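The values are calculated or read from the model by the stated rules, or taken from the named source; none is laboratory data. Predicted, not measured: the structure shown is a model, and the values here were computed from it. No Cβ is skipped: glycine too gets one built from the backbone with ideal geometry, and neighbour counts run over all protein chains shown. All accessible areas refer to the heavy atoms of the entire protein, side chains included, with ligands and DNA or RNA removed. Shrake-Rupley method; radii C 1.70, N 1.55, O 1.52, S 1.80 Å.
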Amino acid sequence: MFYFDAKKYSMNRILIFGLLLVVPILLNAQPTLQVEFGKVLAADFSNTSYELDPEAGAVILFDKGQLDFVSDNKGWFDLRLRRHCRIHILKNSGFEVATIGVPLYHRGKMEERINQIKAVTYSLENGKMVKTEMKDDAIFKVKHNKNWEETKFTLPNVKEGVIIEFEYQVKSDYLYIINPWMFQGSFPVLWSELTFEVPQFFGYVSSLKGIRNLDYQKSREKNTDFTLNVAEGVGQTADWVTISCKASEIIWGMKNVLGLKTEPFISSLENYKSGISFQLSEFKDPLKYKKITSDWEKFNKELLENDDFGKEIAGNKSMVDDLLIEINVQEESPLLKAKKIYAYIRDHFQVIQGTGIEFRDNLKSVINSKSGRPNEINLLLVAALRQAQLEADPVIYSTRENGLANPFYPLVSDYNGVLCRLKLDGKKIILDASVPALGFGKTTPDVRNGYARVIGQFPEAIEISPDSITEKETVFVKMSTDDENNWLGSMEYKVSATNSHQLRVKHNLDARKIAGSFATGLEEDNLISTRVDSLKKWDEPMVVSFKFKQFFGEDSFIYVNPFQFALTRENVFKSKDRFLPVEFTNLVEENYICSMSVPKGYALVSMPKNQSFAIDEQNSLTFEIRCSESAGQISVRSKLKINKSTFPVDEYPALKETLDFVVNRHSEQIVFKKL
């Protein structure tokens, strides 16, 4: 598994190793795990659960990988991974581990190849071991795109209580970037281990990622031999030579690793799973010395010259011209021209589900079919804006679900989407025409994932950060009374840009449903009228309003919640404990303003007390309530601000407690007493 992929470098610890790293580093004196394929005993089935995670549907007993280099029969080397894994399946919720997928990358003449797949299911039947070997027809391939395919296999006779075991080998032509070895996944792991044997003429940088530290690390120097074909030219008789050299063997291990489960307000579990990845850093003696550096300029150039990316944007100009004639953007100012092109492509092209950064077919097919994957729609947008003499470039990015892109090394597969960056009147505007009803210059939460790259004549790194976007919302409530003991009220909600888009989509532009979703505690008969302004004006936030009538009776006391329509009336964080950081998709400002008159024949007894609160000295979260009364008019205000997007795990208890406090304050009532 050596496709270009490496995640969460903001949390990584960087190590450099090579021939000179020969002094043993021992974090734990235990030896590495010695296992043999097929050596499964009846006693291995005795556990019906494991102390590490008693509720787990499956437990990985061990997962061992060995990385080394072998001759590729062409005078150079293949990188080889041999993997051996054994898993105890305890419940049907663990059956998914019995299907294994191995992604393989190929481009041009370079490829990754899998072979020597072996898999067995062991079960205990009437005290006797039953072994069921996987047949070849259980192995199949799934093609994801022209460069990616996945070899998958499913083990036979899977049921509760069985133990499965598999091994395979992958050889790769790609030596520069090695896919991470993952010590951690969705299920608990008793022992995970990787051994990497590096010959003296290669130097690698390793990056440890995730939230767990290693339990075991050791290195030693050893002698090794390579047999290479050094014949020059195609069709020449093979000329085999044996090279003896020194090598460094490094072993990493983790034990008793909990499986990671998704939690609310998390971007991607891939950012937090523990693993180790590698980047080639240098060629050394006896090879000609060469320092391998990350080359963003080369990365940019290759994408611009890619037939399915840069060249495709630059080509088909006549078809793009025809599209611009169809859009009719001849006389507009640059801004109006850009908005018109953006709106037309967004509204007239059907989006086909999929991810990636390249065209699957070509620009012509996208225009003719009026459809394309999200990246193709935005690449078309770039081509159209450029043809209209506007300065636009593609931006490659990684969605939050996909995980963080590596800011240090240019890895194509880190990026699974394309946006458009427009430069106009000194401003830089991010556009996404692949999302129906999305306003000009707006982004969806999944796009806000930090590091991204502008690809063009002047390439650059940019940040699409949750901390750069504040979603501000304000609720105005007015309440008075009539002579029949009713509250007569109105609510006006100025919705943020993101929530405006989400509400339009969720309720399919049904104004009454949108307004009704905020009528907390009101029956259908209580609503007098509803209204949604800017419902179909995608570039503008909505204003939702309604009028209501609510009977309060003739009791001696009237209790009314002035925060009845406040936006934070429930804490989204329910769990006492949390294992991963909280990652919001934006900053938050919620304003609530309520004015009400004291009912005729009643006097004010009590109302919520004034209070200001900050969660820490940095004001990461602030909350305030202000209440006052004058001449029979009561004014109530609250403001909640979340001023950073990420709260580490150790800040979770304070965050949860603070939001509990906010919810409690928003449940307080004003009390009136009958005169």
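From the list ASP347, ASP393, the one residue that fits, being closer than 30 Å to THR293 by Cα and not basic (Lys, Arg), is ASP393. Only a single item in (1) part of a strand (DSSP E or B); (2) closer than 29 Å to ALA405 by Cα is not met by ILE211, and it is number (1). If you filter the range 76-89 down to residues that are open to solvent by 30 Å² or more (accessible area, probe 1.4 Å) and of a type outside the set (A, V, I, L, M, F, W, C), you find that the one that is nearest to the chain's Cα centre (by Cα) is ARG83.
Taken together, ASN402, ASN362 contain a single residue that is more than 29 Å from VAL588 (Cα to Cα), modelled with pLDDT under 95 and not small (Gly, Ala, Ser), which is ASN362. Six or more apart or on different chains, Cβ atoms under 8 Å: show the pairs whose first residue is in the range 352-363 and free of Cβ contacts under 8 Å to residues at least 60 places away in the same chain and whose second is open to solvent by 80 Å² or more (accessible area, probe 1.4 Å) and of a type in the set (Lys, Arg). Once the first residue is free of Cβ contacts under 8 Å to residues at least 60 places away in the same chain and sits in the range 352-363, its partners that are open to solvent by 80 Å² or more (accessible area, probe 1.4 Å) and of a type in the set (Lys, Arg) give GLY354/ARG360. Candidates are the residues of the range 535-577 that are of a type in the set (Val, Ile, Thr) and more than 32 Å from the chain's Cα centre (by Cα); the one that is surrounded by the fewest Cβ atoms within 10 Å (Cβ to Cβ) is VAL560. Checking every residue in the range 342-358 against the condition of being closer than 26 Å to LYS428 by Cβ, of a type in the set (Asp, Glu), crowded, with 20+ Cβ neighbours inside 10 Å and modelled with pLDDT of 95 or more gives zero matches.
So is ALA511 more than 15 Å from CYS594 (Cβ to Cβ), buried (at least 20 other Cβ atoms within 10 Å of the Cβ) and among the aliphatic types (A, V, I, L, M) or not? Answer is no for this residue.
Inside the range 524-553, can you point out the residues that are touching a strand residue (DSSP E or B) at 6+ places or on another chain (Cβ under 8 Å) and among the acidic types (Asp, Glu)? Across the range 524-553, the qualifying residue is only ASP533. Do the conditions hold for ILE367, that is, is it assigned to a helix (DSSP H, G or I) and buried (at least 19 other Cβ atoms within 10 Å of the Cβ)? Yes.
Within the range 139-162, the residues that satisfy the criterion of being closer than 21 Å to ILE89 by Cβ and crowded, with 20+ Cβ neighbours inside 10 Å are PHE153, LEU155, VAL162. Checked against the criterion of being open to solvent by 30 Å² or more (accessible area, probe 1.4 Å) and β-branched (Val, Ile, Thr), the candidates THR474, THR530, THR498, THR443 yield just one match: THR530. Here LEU580 meets each of (1) open to solvent by less than 20 Å² (accessible area, probe 1.4 Å); (2) at pLDDT 95 or above; (3) not polar (S, T, N, Q) with one exception, condition (2). Selection of strands (runs of 3 or more DSSP E) fully inside the range 102-203 by the criterion of at least 1 residues being without any contact (Cβ under 8 Å) to a residue 60 or more places away in the chain and out of contact with any Pro (no Cβ under 9 Å at 6 or more places or on another chain) returns 110-125, 128-133, 139-143, 148-154.
Residue by residue, here is whether (1) part of a helix (DSSP H, G or I); (2) open to solvent by 20 Å² or more (accessible area, probe 1.4 Å); (3) at negative phi holds:
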| residue | (1), (2), (3) |
| --- | --- |
| GLU312 | yes, yes, yes |
| LEU324 | yes, no, yes |
| GLU331 | no, yes, yes |
| LEU335 | yes, yes, yes |
| ARG360 | no, yes, yes |
| GLN389 | no, yes, no |
| ASN406 | no, no, yes |
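On inspection, ASN316 passes the criterion of being at positive phi and in contact (Cβ under 8 Å) with a residue 40 or more places away in the chain. Does the range 514-521 include one or more residues that are touching a residue at least 24 places away in the same chain (Cβ under 8 Å), buried (at least 20 other Cβ atoms within 10 Å of the Cβ), on the phi < 0 side of the Ramachandran plot and outside any helix (DSSP H, G or I)? Checked the range 514-521: no residue is touching a residue at least 24 places away in the same chain (Cβ under 8 Å), buried (at least 20 other Cβ atoms within 10 Å of the Cβ), on the phi < 0 side of the Ramachandran plot and outside any helix (DSSP H, G or I).
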